[in-house]
C-alpha cells in the first residue's frame with residue numbers, strides 16, 4: 001500500500017515537470033499556431049543555464065529558487081530572441097514547414113550547447129535540504145519530489161490567474177480563439193506573440209533547471225522532452241491548458257506504472273495511449289478541430305502537363321547510372337546505391353505528402369520495418385536474398401494498411417503527430433526487443449551473396465528503385481493520383497462526385513508504406529547491417545527534407561531532392577563535425593528562402 | 001413515382017427545431033425553389049438532403065429507395081449531384097481535368113494506376129464544358145477562374161455524374177445581375193434537355209421567380225406555403241412573413 005502510494009507520488013512529481021514543458025508548448029501553439037519542435041531544446045538550455053547559475057551560488061533553498069527564477073528569465077529572453085529573429089518569418093508557412101524549421105533550430109541548439117558546455121553530463125552537488133526524505137510507512141519519499149508535486153498545480157493556478165485576471169491573459173485567450181479578430185481590434189500582434197513565446201520558453205527553461213537536483217544536464221534532454229510533451233499536448237488537445245495538465249498526469253502516472261508492470265513496452269505504451277485517445281477524440285480531450293491536412297503541407301498550385309525535356313534528362317541520367325560501375329570505384333558506387341534508395345524513399349513519402357495531402361513526420365517507420373523484416377528473415381530463417389527483399393515491402397505494406405485504418409480519418413497536425421508516434425513505437429520495439437533485434441547494437445553481417453558482388457547489388461538496387469519510383473510517378477498521372485488530389489483539393493466536392501476518399505487514402509498509405517519498406521530492405525543489405533535508428537526521427541526528417549528540397553508540388557521533386565540531398569550529405573555534412581548545425585541552418589534557409597524546393601523554383605523560373 | 005420524396009423530416013440543434021416536420025415531393029424535370037427568411041431552416045433542410053447532416057426523424061426517398069441514412073457517395077450513385085454555396089472545385093487541376101475526374105469516378109475507373117488521365121474521357125469532358133459554354137476555358141488552371149465561371153464549372157462537374165436530381169445551394173450567390181440571369185437560364189435549359197429535377201435555395205427573388213416551376217416557403221423550420229410562382233406571390237401569409245421584408 002505504501003509502495004503504491006510512493007509510486008503514485010513519483011508519477012505525479014514527474015507529471016509536474018512534464019506539465020511545465022507542455023504548458024509552454026500548448027500556449028505557444030494556441031496563439032501562434034506553430035508546433036515548436038525546439039521546445040525540448042529550450043528545456044535543455046534551461047538545464048545547462050540552470051547548472052551554470054546554480055553552481056555559482058550558495059546551496060540554501062533561497063538561492064536555489066533564485067537560480068530557477070533567473071533561468072526562467074534567461075531562457076524566456078532567448079525564446080523572445082528566437083521568436084523575433086526566426087519564427088516571425090514562418091507564421092504564414094504551412095504547418096509542416098514550421099515543424100521542420102523548428103526541428104532545424106533544435107539541431108542548431110544541440111551543437112551550440114555541445115560547444116559551450118561540452119559533451120559530458122553535468123550534475124550539481126546536492127544541497128542537504130535537497131537530500132531530505134519523508135517516511136511513508138516502509139517507503140522513503142524525497143522531499144524534493146513532494147515540492148515538485150505541488151509545483152505543477154501551482155503553476156497551473158498561476159497561469160489560470162494570468163489568463164483570466166490580466167489584460168495580457170485576456171489577449172492570449174482571445175488570440176487562441178480567433179487570431180484575426182485580435183488583429184482587427186488593433187492589438188500589436190508582434191509584441192503579443194513575442195511575449196507568449198517568451199513565457200512558454202521560460203516555463204520550459206524552468207522545467208529544465210528543476211531537473212537538476214534529481215538528474216543532470218545532458219544532450220538527450222531535448223528530444224526526450226519534446227516527444228513526451230508532444231504526446232501530452234496532443235492527448236490534451238493542442239492549445240488547451242487544462243488538457244496539458246490532464247495529459248501530463250496521464251503520462252506521468254503511465255510511465256511510472258508502465259516501468260513497474262510492463263517494463264519492456266513502456267515506450268510503446270505512451271504512444272498507444274495517445275493513439276487510442278486520438279481514435280476516440282480526433283482533436284484530443286479539449287482541443288479545437290485542426291486545420292485541413294492539405295493546407296498544412298503547402299498552398300497547392302496548379303499542376304501542368306508533364307515536360308518531355310525532364311523525361312529526356314531522366315533517361316540520360318539513368319543510362320549514366322547504369323554504366324557507372326564500369327568506370328567508378330567502390331566508394332562512389334556505395335554512394336550511388338544510397339542515392340537510388342533515397343530516390344525511392346523520397347518518392348514514397350511524396351505520394352503521401354503530394355497527391356494525398358497526408359503530412360507524415362514518421363515515414364522512417366516503414367523504412368525501418370522493411371529493413372528489419374529483411375534482416376530478421378535473413379538472420380533467423382536463413383532466407384535467401386530475393387525472399388528477404390520481398391518480405392520488406394510486404395511487411396511494411398501490411399503494417400501501413402493497419403496503421404492507415406486507424407488514422408486515415410484524422411487530419412493536420414494530429415495526423416503528423418500520430419505518424420511520428422508510430423515511428424517511435426517501431427523504434428522502441430526494435431530497440432527493446434534485444435533477443436530478436438540485437439537492440440541498440442543492431443544486426444550485423446547482412447551482406448548480399450558473394451556471387452552478386454558490389455556491382456551486382458548496385459544494379460539490382462538501381463533496377464528495383466527505378467522501377468518502383470517510375471510506378472509511383474505513373475500513379476500520379478493516373479486516375480488514382482488524380483482522385484487523391486481531388487480529395488486533397490476539396491474533400492466535400494470529391495465525396496459529392498462519388499470518390500471513395502477513405503479507401504483511396506488508405507491505399508495511398510499502404511502503397512507508400514510498402515515502397516518505403518522496399519527501400520529499407522535494400523538499404524539494410526547495402527550497409528550490411530540494420531539499427532533502430534533506421535526508424536528514428538532523423539531518418540524521417542531526411543525523407544521530409546528530400547521531398548521539400550526537391551519541391552513537394554512537383555512530381556519530379558522527390559527525385560531531384562533525393563539526389564541533391566544525398567550529394568549534399570556526402571559532400572558537405574561528412575566534412576564537418578558540426579553537421580547538426582549545418583543541417584539545421586540549411587533547413588532554415590530552405591524553409592524561409594525556398595519553400596517550393598529546387599524543382600518548384602525551376603518551374604517558376606521556367607514559367608517566366 | 002416522385003423523383004425525390006421527403007416525409008416529415010426533422011432536425012434539432014440543442015432544443016431548437018431547425019427543421020420540424022417538412023414533407024414535399026419533386027418530379028423529374030421539375031425545378032423547385034426552397035425559400036424563406038434567414039434562419040428559416042433552408043440550409044439545414046438542404047444539408048439533410050445532400051447527406052451532410054443526419055435527420056432526427058423522417059425519411060428521404062430518391063426514386064422510391066430510402067436514402068435517409070446513406071452516405072454522400074451512395075447518393076451520388078443514385079444520381080444525386082450537388083452544387084455548393086461557395087464553389088468547390090479541384091484547384092490543382094485544369095478546368096477539363098475537373099470534369100474528367102468526375103467522369104472517371106462515374107465510370108468506375110478511379111482504381112486504375114497505370115493509365116494516364118490525359119486522354120481518358122477527354123472528348124466527353126469537352127462536350128460537357130460546351131454545354132455550360134466553357135470550351136474556351138478548358139485548359140485554364142481552375143484556380144484562375146472568375147467566380148461565375150467556377151459556378152458554371154461546378155454545373156459541368158455535376159452533369160458529369162449524369163444526375164437525375166440536382167441540389168443547388170444558392171447557385172447565383174455573389175453574381176452580378178446579368179451573370180445571374182444567364183446562370184438561371186442555363187439551369188433551366190439543362191433541366192429541360194436532360195429531364196433533371198432541380199431543387200435550389202436562393203435569396204434573390206428575381207432568380208427564384210425566373211425559373212422555378214414551384215416554390216416551397218419555409219419559416220421557423222416548417223413549410224408555410226407551396227405552389228406555383230403565381231400562387232406564392234398572391235399568398236398573404238408568405239407576404240407577411242417573407243416578401244413583406246422585400247416590399
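The values are calculated or read from the model by the stated rules, or taken from the named source; none is laboratory data. Because the structure is a prediction, the values reported are computed rather than measured. Heads up, the Cβs are rebuilt from the backbone with ideal geometry, glycines too, and the neighbour counts pull from every protein chain shown.
A few points about this structure:
- Criterion (surrounded by fewer than 22 Cβ atoms within 10 Å (Cβ to Cβ), at the interface with another protein chain (Cβ under 9 Å from one of its Cβ atoms) and without any contact (Cβ under 8 Å) to a residue 60 or more places away in the chain) met by exactly one of A:492, A:479: A:492
- Checking B:130, B:192, B:124, B:206 one by one, the residue that is surrounded by fewer than 16 Cβ atoms within 10 Å (Cβ to Cβ), away from every other protein chain (no Cβ under 11 Å) and touching a residue at least 60 places away in the same chain (Cβ under 8 Å) is B:192 and no other.
- Which listed residue, of A:200, A:258, is assigned to a helix (DSSP H, G or I), free of Cβ contacts under 8 Å to residues at least 24 places away in the same chain and in the same structural domain as residue A:40 (by TED's automatic domain parsing): A:258
- Against the list (1) facing another protein chain (nearest Cβ under 7 Å); (2) within 16 Å of residue A:515 (Cα to Cα); (3) buried (at least 24 other Cβ atoms within 10 Å of the Cβ), the condition residue A:465 fails is (1).
- Qualifying positions in the stretch A:72-84 - surrounded by fewer than 22 Cβ atoms within 10 Å (Cβ to Cβ) and under 23 Å from the mean Cα position of the chain (by Cα): A:78
- Checking residue B:148 against (1) in contact with a helix residue (DSSP H, G or I) (Cβ under 6 Å, 6 or more places away or on another chain); (2) within 14 Å of chain A (Cβ to nearest Cβ); (3) surrounded by fewer than 23 Cβ atoms within 10 Å (Cβ to Cβ), the condition it does not meet: (2)
- Filtered by the rule that a residue be surrounded by fewer than 19 Cβ atoms within 10 Å (Cβ to Cβ) and either modelled with pLDDT under 80 or assigned to a helix (DSSP H, G or I) (or both), the stretch A:276-294 gives A:276, A:279, A:280, A:282, A:288, A:289, A:291, A:292.
- Among the residues of the stretch A:304-336, those identified as at pLDDT 75 or above and assigned to a loop (DSSP other than H, G, I, E, B) are A:327, A:328, A:329.
- Assessment of the stretch A:37-46 against the conditions (in contact (Cβ under 8 Å) with a residue 24 or more places away in the chain and on the phi > 0 side of the Ramachandran plot) yields no matching residue.
- Within the stretch A:137-150, the set of residues being in a helix (DSSP H, G or I) and farther than 18 Å from residue A:208 by Cβ comprises A:143, A:146, A:149, A:150.
- Considering the conditions (1) within 14 Å of chain B (Cβ to nearest Cβ); (2) touching a strand residue (DSSP E or B) at 6+ places or on another chain (Cβ under 9 Å), residue A:530 is excluded by exactly one of them, (1).
- Helices (runs of 4 or more DSSP H) within the stretch B:16-118 that include 1 or more residues at pLDDT 90 or above and either within 9 Å of chain A (Cβ to nearest Cβ) or under 24 Å from residue A:493 (Cβ atoms) (or both): B:95-106
- The stretch B:156-179, subset surrounded by 20 or more Cβ atoms within 10 Å (Cβ to Cβ) and under 25 Å from residue A:300 (Cα atoms), residue farthest from the other protein chains (Cβ to nearest Cβ): B:156
- Matching option when the condition is more than 24 Å from the chain's Cα centre (by Cα) and assigned to a loop (DSSP other than H, G, I, E, B), among A:125, A:153: A:125
- If the condition is being within 26 Å of residue B:106 (Cα to Cα) and in contact with a helix residue (DSSP H, G or I) (Cβ under 6 Å, 6 or more places away or on another chain), then the stretch B:30-66 contributes B:31, B:51, B:53.
- Filter result for residue A:134 (in contact (Cβ under 8 Å) with a residue 12 or more places away in the chain, outside the structural domain of residue A:424 (by TED's automatic domain parsing), under 24 Å from residue A:248 (Cβ atoms) and outside any helix (DSSP H, G or I)): yes
- Residue match in the stretch A:469-484 (condition: part of a helix (DSSP H, G or I), under 17 Å from residue A:520 (Cβ atoms) and within 31 Å of the chain's Cα centre (by Cα)): yes
- All helices (runs of 4 or more DSSP H) inside the stretch A:1-120 with 3 or more residues being in contact with a strand residue (DSSP E or B) (Cβ under 7 Å, 6 or more places away or on another chain): A:2-32, A:39-54
- Only listed residue being under 24 Å from residue A:251 (Cβ atoms) and modelled with pLDDT under 90, chosen from A:14, A:58, A:41: A:14
- Within the stretch A:512-526, no residue that is at positive phi sits with its Cβ atom under 6 Å from a residue that is part of a helix (DSSP H, G or I) at 6+ positions apart or across chains.
- Among the residues of this structure, residue A:506 does not count as one that is touching a residue at least 40 places away in the same chain (Cβ under 8 Å) and more than 14 Å from chain B (Cβ to nearest Cβ).
- Of the numbered criteria (1) in contact with a helix residue (DSSP H, G or I) (Cβ under 8 Å, 6 or more places away or on another chain); (2) under 25 Å from residue B:95 (Cβ atoms), the one residue A:474 fails is (1).
- Selection status of residue A:313, more than 27 Å from residue A:553 (Cβ to Cβ), exposed (fewer than 14 other Cβ atoms within 10 Å of the Cβ) and either within 14 Å of chain B (Cβ to nearest Cβ) or without any contact (Cβ under 8 Å) to a residue 12 or more places away in the chain (or both): no
- All positions within the stretch B:17-58 that are without any contact (Cβ under 8 Å) to a residue 12 or more places away in the chain and either surrounded by 24 or more Cβ atoms within 10 Å (Cβ to Cβ) or at negative phi (or both): B:38, B:47
- Here residue B:153 fulfils each of the conditions (1) within 14 Å of chain A (Cβ to nearest Cβ); (2) part of a helix (DSSP H, G or I); (3) closer than 23 Å to residue B:3 by Cβ apart from (3).
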